[in-house]
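In what follows, a single structure is set out as structure tokens and then discussed.
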Amino acid sequence: MAQTPSEIRYLTPPSVDIQKKKYCRFKKNGIKYIDYKDPEFLKKFLNEQGKLLPRRITGTSLKFQRRIAQAVKRARHLALLPFVTDLMK
């Protein structure tokens, strides 16, 4: 029995990518100051190699992305965060 294209059945339905609206978590929660002495919070904005994640991935606004970058640089300087690593998370 040959199946025609209209008779093809999937085990799981084909996924349709529905992207959620990105938002700045700092504006939403009313956070004014990013503490550079809190490395666990700053790790949320770093990838496995220790690089900063871009705004288009995190959804952070430009103003707070600059503040995050400054806080990460300060934490690295004080050895709270590593400059380079293999597996950070």
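Looking only at the range 2-27, filter to residues that are closer than 26 Å to L81 by Cα and open to solvent by 100 Å² or more (accessible area, probe 1.4 Å); which one of those is modelled with the lowest pLDDT?
Among those residues, the one meeting the criterion is Y23.
Consider the range 54-89. How many of its residues are open to solvent by 40 Å² or more (accessible area, probe 1.4 Å), closer than 25 Å to K27 by Cα and outside any helix (DSSP H, G or I)?
Of the residues in the range 54-89, 1 are open to solvent by 40 Å² or more (accessible area, probe 1.4 Å), closer than 25 Å to K27 by Cα and outside any helix (DSSP H, G or I).
Give all pairs with beta carbons closer than 7 Å in which a residue from the range 46-75 that is closer than 17 Å to Y36 by Cβ meets a residue that is open to solvent by 80 Å² or more (accessible area, probe 1.4 Å) and not in a helix (DSSP H, G or I); count only pairs at least 6 apart in sequence or on separate chains.
So the pair list comes out as G50/F83; G50/V84.
Working only within the range 34-53, note down all residues that are crowded, with 16+ Cβ neighbours inside 10 Å and part of a helix (DSSP H, G or I).
Matches in the range 34-53: P39, L42, F45.
The values are calculated or read from the model by the stated rules, or taken from the named source; none is laboratory data. Owing to the predicted nature of the structure, the values given are computational and were not obtained by experimental measurement. Here Cβ is always computed from backbone atoms with ideal geometry, including for glycine, and neighbour counts include all displayed protein chains. Each accessible area value is taken on the protein alone, full model and side chains, heavy atoms only, with ligands, DNA and RNA left out. Shrake-Rupley method; radii C 1.70, N 1.55, O 1.52, S 1.80 Å.
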